[in-house]
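The structure appears below as structure tokens.
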Amino acid sequence: MTPEELNAIKARVNAASAGPWERGDVYLTAGVGFGMPPGQCAFCRLGDPVWSGDANINGRMMPAHRHRDPNPYEPDHKITGSNGEVVAGNYDYEAGGIIEPADTEFIVHARTDVPALVAEIERIRRFIDEDFRYWCSPNGVAGRYAKDILAVIDQPRSAS
């Protein structure tokens with residue numbers, strides 16, 4: 001994988017809606033008030049809101065809550081982002097169509113990006129397990145440092 005290919009993947013990841021993504025329309029949003037006790041919305045019966053703020057409810061900005069839906073709508077046909085907005089399967093054409101363009105790019109390229117990333121990880125692991133271990137062996141160039149170098153390599157890898 002070339003640096004340009006890796007940079008293109010990073011750009012698509014950074015442009016897409018925030019993750020993690022979940023199956024279905026996971027969140028319920030409602031305005032606060034409207035015959036409810038003060039500071040509550042129609043979905044507060046589900047527990048504390050996961051988000052509170054101002055939202056556009058039927059064309060009017062007002063205080064609102066967002067709650068997790070225990071039975072997400074359309075789990076086979078919609079994807080929700082961590083911001084609570086539907087990423088894919090959004091049928092609100094006035095809001096820009098079914099899927100945001102950056103998310104389309106991310107989803108479309110995932111079919112080739114993920115296998116490419118897996119291949120790159122496998123290539124790096126082969127290098128570490130074969131070439132680099134030999135290079136660090138007593139017969140290799142860095143033989144006298146092998147123990148220290150291999151100890152660092154063999155430490156559990158953290159996600160970063």
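The values are calculated or read from the model by the stated rules, or taken from the named source; none is laboratory data. For clarity, every value in this text was computed on a predicted model and none was experimentally measured. Quick reminder, even Gly has a Cβ in these numbers, built from the backbone with ideal geometry, and neighbours come from all protein chains shown. Note: areas computed on protein heavy atoms with side chains; ligands, DNA, RNA excluded. Shrake-Rupley method; radii C 1.70, N 1.55, O 1.52, S 1.80 Å.
Summarising the label geometry, the points placed 7 Å from Cα in the beta-carbon direction at Trp51 and Ala110 lie 1.9 nm from one another. Given R₀ = 41 Å, FRET efficiency for Glu4-Ala151 by Cβ-Cβ distance, to 0.05? With R0 = 41 Å, the Cβ-Cβ based efficiency is 0.75. Rounded, prolate or oblate, given the Cα gyration tensor of the stretch 21-98, with a/c below 1.5 counting as rounded? It comes out oblate by the Cα gyration axes.
Within the accessible area of the stretch 21-98, what % is carbon and sulfur when the probe is 1.4 Å and the other protein chains stay in place? Taking all protein chains in place, the stretch 21-98 shows 51 percent carbon and sulfur surface.
The local environment of Phe43, defined by Cβ-Cβ distances under 10 Å, has a net charge of +2 under the rule Lys, Arg +1 and Asp, Glu -1. Using the Cβ of His109 as centre and a radius below 12 Å, the other residues enclosed give a net charge of -1, where K and R count +1 and D and E count -1. Per residue, the stretch 1-113 exposes 64 Å² of solvent-accessible protein surface, assessed with a 1.4 angstrom probe and all protein chains in place.
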